[in-house]
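What follows is one structure encoded as structure tokens, with my remarks underneath.
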Amino acid sequence: MQPFQGKLSDHEIDDVVAWLWSLKPTAPTPPVQNLTVPDDLPIVINPKGARPRFTMREDRYVSAEQAKKALAAKQRIVIIDARAPSDWIQFHIPGAISLPYHDQSHLDRIPKDGTWVIAYCACPHHASGEVVDALRAKKYPNTAVMDEGILFWKDHGYPLVGEAVPPPAPAASAAATPKPTPSAKPTSTVTR
């Protein structure tokens, strides 16, 4: 990097120092109040509903559109959110249960009666694929990965529960930030 000594006037150096002092850190995002996933949520969505019929891709993937239609038709289904519980708390598909891919100790809660089990994540296949692989290893008959993942679901405006943490506000631009008055300007240690 080239040195700036002799390149900026005293006034320009004062302007740079004043601008740097005008920058303010952004406020932290408020904490989420409830950081636990309830463990008493129903497992099966629409327990008295009809069994959905899915057209699978590669005998593994079901489209988000098909999953959405099954929910809208009130069909019997289990939806697993394979992401971290904190992600489930922020937003999830209505009725989805949080069973993170890295902790498969609760998979036995899923009924093994032929009910369709769809897992999703944000990857969109890795974490949900781990859950589906574990279910298939336990001989669950009807399992699938939601092909496009939760971010596709969200981007397409499909129903969600949550949004507990709003996105952070954009930082104010430097041009819109007023410069401090000369009396408020700190002493500069810049060598000229």
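A short reminder: the numbers here are calculations on the coordinates, not readings from a lab. Remember, predicted model here, so these are calculated numbers, not experimental data. Reconstructed Cβ throughout: ideal geometry from the backbone, glycine too, with neighbour counts over all protein chains shown.
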**OP:** Could you list which residues have their amide H under 5 Å from that of ALA122, counting only those 5 or more apart in sequence or on another chain, with H placed in the peptide plane?
**Re:** ILE150
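Go through 10-16, 128-134, 73-79 and give me the packing order, highest mean Cβ count within 10 Å leading.
128-134, 73-79, 10-16
My understanding is that a pair violates if its Cα-Cα distance is over 23 Å; which of LYS48/LYS154; LYS48/LYS69; LYS112/LYS154; LYS48/LYS138; LYS69/LYS138 do that in this structure? Please report the intermediate quantities before stating the final value.
Working: LYS48/LYS154 27 Å; LYS48/LYS69 16 Å; LYS112/LYS154 29 Å; LYS48/LYS138 25 Å; LYS69/LYS138 27 Å.
Over 23 Å apart, Cα to Cα: LYS48/LYS154; LYS112/LYS154; LYS48/LYS138; LYS69/LYS138.
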Original post:
Scattering from the C-alpha atoms of the stretch 61-162 alone, worked out with Debye: what is log10 I(q)/I(0) at q = 0.12, 0.13, 0.18, 0.19 1/Å?
Top reply: -0.32, -0.38, -0.75, -0.85
Original post:
By a straight-distance test (C-alpha under 16 Å), which aspartates and glutamates pair with LYS74 as possible cross-link partners, with residues fewer than eight away in the same chain excluded?
Top reply: GLU65
**OP:** Would you mind getting me the FRET efficiency between ASP155 and TRP21? Use the beta-carbon distance for r and R0 = 35 Å, nearest 0.05.
**Re:** 0.30
**OP:** Rounded to whole Å and sorted largest first, list the principal axis extents of the Cα atoms in the stretch 96-156.
**Re:** 32, 22, 17
